[in-house]
Amino acid sequence: MPAKKKFYTYAEAQAASQALGIKKWHDYKKRFRKDPRLPSNPTKIYADAGWIDGYDFGGEATPA
């Protein structure tokens, strides 16, 4: 049985994602694999750990 994957904390994942230049969801889906500790579905992994929305995760302001 494979070991459970160890993901970053929400803040670490947010920083790692931003360090990869990811700002939009389509960028995330293309680039998250560059860091093995980023999950494919951050909305699910971080639902109870600080997830607000994709804009917050990417470091952008939520559109009005």
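Odds and ends about this structure:
- Among the trypsin sites (Lys or Arg not before Pro) within the range 1-57, those in coil by DSSP and having at most 11 neighbouring Cβ atoms inside 10 Å are 4, 5, 6.
- A simple spin-label model places pseudo-atoms 7 Å from Cα toward Cβ; at residue 53 and residue 29 they are separated by 1.9 nm.
- At R0 = 25 Å, FRET efficiency that the Cβ-Cβ distance of residue 11 and residue 60 yields, to 0.05: 0.95
- Taking other residues whose beta carbon is less than 13 angstrom from the beta carbon of residue 31, and scoring Lys, Arg as +1 and Asp, Glu as -1, yields +4.
- Accessible surface, per residue, of the chain when the full set of protein chains is kept, probe 1.4 Å, Å²: 71
- Carbon and sulfur %, accessible surface of the chain computed with the full protein complex present, 1.4 Å: 56
The values are calculated or read from the model by the stated rules, or taken from the named source; none is laboratory data. Just so you know, these numbers come straight off a predicted model, no measurement behind them. Glycine also receives a Cβ, built like all others from the backbone with ideal geometry; neighbour counts cover every protein chain displayed. SASA here: full protein model, heavy atoms, side chains in, ligands and nucleic acids out. Shrake-Rupley method; radii C 1.70, N 1.55, O 1.52, S 1.80 Å.
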